[in-house]
Amino acid sequence: MAQFTRVSGIVGLITLQNPPVNALSGALRQNIIDVMERALSDPKVKSVVICGQNGIFCGGADISEFGKKMGGTPLVPLIHSLEASNKPVVAAIEGVALGGGLELALGCHYRIAHSKARLGLPEVTLGMMPAAGGTQRLPRLIGIPAALNIITTGRHVTAAEALQLGFVDQVTDHNTVDAAVKFALSVAGQSMDARRISNFPCPCPSDVDALFEEMMQKVRQSARGAIAPIACVQGVRAAATLPYSQGMQREAELMATLVTSGQAYAQRYFFFAQRAAGRWRMPGGAGWDTSKPRAVHKAAVIGLGTMGRGIAVALVQTGLSVVAVETQEKQLMEAKQAVSGMLERGAKRSGAAPALDRIRYSQNLQAAGDVDLVIEAVFEDMNLKKKVFKQLSAICKPGTFLYTNTSGLDIDQLASETSNPELVVGMHFFAPAHVMKLLEVVYGPRSSPQAVATAMQLGKKMGKASVAVGNCRGFVGNRMLKHYKDQSYFLLEEGATPELVDGALEEFGFPMGPFRMYDLSGIDVGWRFRKEEGLVVPGLASGPSARVRRGLRYSPLGDLLCDQGRFGQKTGRGWYQYDKPGGRVARSDPWLHSFLEEYRAKNGLVARRVDRQEVLERCLYALINEGFRILEDGIAAGPEDIDVIYVFGYGWPKHRGGPMFYANMVGLAKVLERLEHYHQAHRDVPSLQPCSLLRRLVASGSPPINTWREVIKKLHSHL
Ligand code: 3H9
């Protein structure tokens, strides 16, 4: 687990060995203590180097051990014993030094890092805080503002930045262990009194109170109810205001509250959920472990609207050569300018040169003839997409993957237009496509495992959380969202206001409630679509038929606003009012409230008092219920997939783990009981009727969420 050897005669080399990331499990911690004692008691050893096997220093504490009974020596005394050593201890950092891994390195007297190494304290992203001295040592070493930034964001820092900030002493492009051993030889025999960070005074700016006040406000605003970032600030504040030993005590107290909190539980679950989603599987068994992706070098993007432009940027940034096709000349010119701008801004941020020469523009679909894959991103219209797919099937070289960016159209219908339907897969990007982390990879009944594997790998290369899902209207994310949206409208009809609904959901942790979201994205989008489908009947504002579509309860409220030209932010009026068209600050609108009253009166609806709890239960449980249906249908393989989709694509607060995790936390029996209650009260809303999988899970004693995949598999095998 921790191997000890002597190198260059006098250097004790300790190698952490706990694949895959040398996480500091109880056993490894105990081992480090044992080998360190050996190194210190060996008179031939004059200095020590700590490194990790397989080019990785250490990925931090073993996340799977939190919430369980702790074994082995805790990390804090281990790090203290390293720091207290009279023999110099040098950390040789390759790959990553994260969380407890960086804290271990901060306990060493020197840190030598490889130029490609990444360092950071990402505990906050797990709902926790650095609690092995990270909040006390880092500010002492690099100052409060820089330490606050690293600890409250959890971001990974490059070796170059770490050197500049001063928490790495040397960066090498060569063998890091060799460099560290050389360094250890050069400091052997020296006193380490001046190198123990815990003895450093904490550099305190004169306006320390103002600094922390400002930081606390900033963190509270962006945390959306998450408690870990606040505890991180409090921990660093302790470093600034208390002696080291008391600061450590404060750090331990804060962590004790965090580590047992529901939020930390949710975020640790989410860490493993992301990895579980990567282990995708199609019905029939093909999946990540059996299907090899094909190497791709050249891609085409068809259609350069907002989505196509973002996708082209993401592909170029991934290192592919891209042909960007747009048949309209004006649109092509505009897109070229916009894409170049995005690439230049991206390059500026990353410090690289913009790869403008990797993208070529064309007005002709024939330009896609020699590419390895196409991502079609034309307007969301089935007939148009079918036409494009038919043409692409004839133009592209044999074997070219044909991917479609759609937010919910039937992949199999598109595949039918081609001569090789197995090459067709959906790639549902989220706007802006080069920024948003989520990608739904949608397999149709005829998609080949290799076409899916290649799309999944491409998504990963783009830095996306890619989730493989089955083909159905709206796929996973939008199919569930429909029911959340429906409830938001029904609540207005029954007596709520947009302010109440948005307020409740924002307090829950969404960055934006539904009505502010509709205003932002444009209320007219769905209205235009429904008009084309003949579902909006002009002038039909009242009477029973206005509130029924396809035999189901329907709220025409959004359509009625559009009839009045209130499309949202872009027209300066929507569910709220704005100071001008395009304005961002939503203000309550008395007109809207009168409009709602009139609407209710015309439709014979009597407003009743709706409270925040009902808003949460109706909107969230309707969405969750659909999540269970999706699991039942096999559209998503497990609850983790749904949770990843909702956190990365739909603003679900990460500290609540995702909708399915939330249902598990609330208790499935409670969710079932509330759904039954609401369905009883709204018989014309079938989506509130509890789905049979939820009933079966409750009947089988509400098994823990990490067993649902297996339970569902068994249910399917009995069908
Ligand atoms: C902490 O340190 C608290 C301290 O302050 C002490 C308090 C007292 N533990 O991501 P990958 C697994 S909190 C357990 O696919 P990559 C992971 O599940 C910790 N397991 O690879 C996966 O398993 P599987 C702070 C871990 O190359 C496999 O390793 N540290 C841990 O894309 C490969 O992972 C962090 O937050 C862990 N610490 O990325 C760092 N780390 O194959 C968390 C990974 O079965 N880790 N695994 O699915 C990471 O950010 C990434 O894993 C890393 C590698 C960048 C290291």
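The values are calculated or read from the model by the stated rules, or taken from the named source; none is laboratory data. Every value quoted in this text rests on a predicted model; they were computed, and no experiment measured them. In this analysis, Cβ positions are derived from the backbone assuming ideal geometry, glycine residues included, and neighbour counts consider all displayed protein chains. Surface accessibility is based on the protein's heavy atoms, side chains included, excluding ligands, DNA and RNA. Shrake-Rupley method; radii C 1.70, N 1.55, O 1.52, S 1.80 Å.
Brief remarks on what is shown
- Distance between region 455-489 and region 278-323 - C-alpha centres, whole angstrom: 16 Å
- The label point for PHE379 and the one for SER521, both projected 7 Å from the Cα toward the Cβ, are 1.9 nm apart.
- For region 202-244, projected area of the alpha-carbon convex hull averaged over all directions, nm²: 3.0 nm²
- Once both labels are positioned 7 Å from their Cα atoms along Cα-to-Cβ, the gap between ALA256 and MET512 label points is 4.3 nm.
- In a DSSP loop and with at most 13 other Cβ atoms within 10 Å, the trypsin sites (Lys or Arg not before Pro) in region 462-518 are ARG473.
- Size of charge dipole - region 128-218 - debye, nearest 20, with Cβ of Lys, Arg +1 and Asp, Glu -1, no other charges: 260 debye
- Global geometry of region 441-487, whether rounded, prolate or oblate, following the gyration tensor of its Cα atoms and the 1.5 cut on a/c: oblate
- Extension gain, GLU65 to ASN199, is 45.2 nm, computed as 0.36 nm per intervening residue step minus the present C-alpha separation.
- Of the residues ALA355, ILE197, GLN170, the one whose Cα sits farthest towards the positive end of the charge dipole of the chain is ALA355 (charges of +1 on Lys and Arg Cβ, -1 on Asp and Glu Cβ, taken about the Cα centre).
- Estimated FRET transfer efficiency (SER41, LYS218; beta-carbon r; R0 51 Å; 0.05): 0.55
- Gap separating the Cα centres of region 343-364 and region 372-416, nearest whole Å: 25 Å
- Taking the accessible area of the chain, probe 1.4 Å, and keeping the other protein chains in place, the carbon and sulfur fraction comes to 53%.
- In the chain, a dipole from Cβ-located charges (positive for Lys and Arg, negative for Asp and Glu) runs towards its positive end, and of MET480, LEU535, LEU28 it is LEU28 whose Cα lies farthest in that direction.
- Comparing THR707, TRP591, ILE411 along the charge dipole axis of the chain, the residue lying farthest to the positive side is ILE411, per the Cβ-charge model.
- For region 496-602, alpha-carbon Rg over 2.2 N^0.38 Å: 1.08
- Computed P(r) (all Cα pairs; the chain; 10 Å bins; percent): 3, 13, 20, 23, 21, 13, 6, 2, 0, 0
- Rounded FRET efficiency, nearest 0.05, which uses the C-beta distance separating HIS677 from MET333 and R0 of 51 Å: 0.35
- Seen from all directions on average, region 288-472 presents a Cα convex hull projection of 9.4 nm².
- What the Cα atoms of region 2-259 give is an Rg and a Dmax of 17.4, 55 Å.
- Taking all protein chains into account, the per residue accessible area for the chain stands at 42 Å² (1.4 Å probe).
- Cα centre as origin, Lys/Arg/Asp/Glu Cβ charges: the chain dipole, Debye: 720 debye
- Beyond 18 Å, the tail of the calculated P(r) for region 90-221 holds 54 percent of the Cα pairs.
- Comparing Cα centroids, region 1-65 and region 561-597 end up 62 angstrom apart.
- Kirkwood hydrodynamic radius of region 538-695, Cα pairs, Å: 18.1 Å
- Segment LYS386-LEU552, extension gain: residue separation times 0.36 nm, minus the distance between their alpha carbons: 56.8 nm
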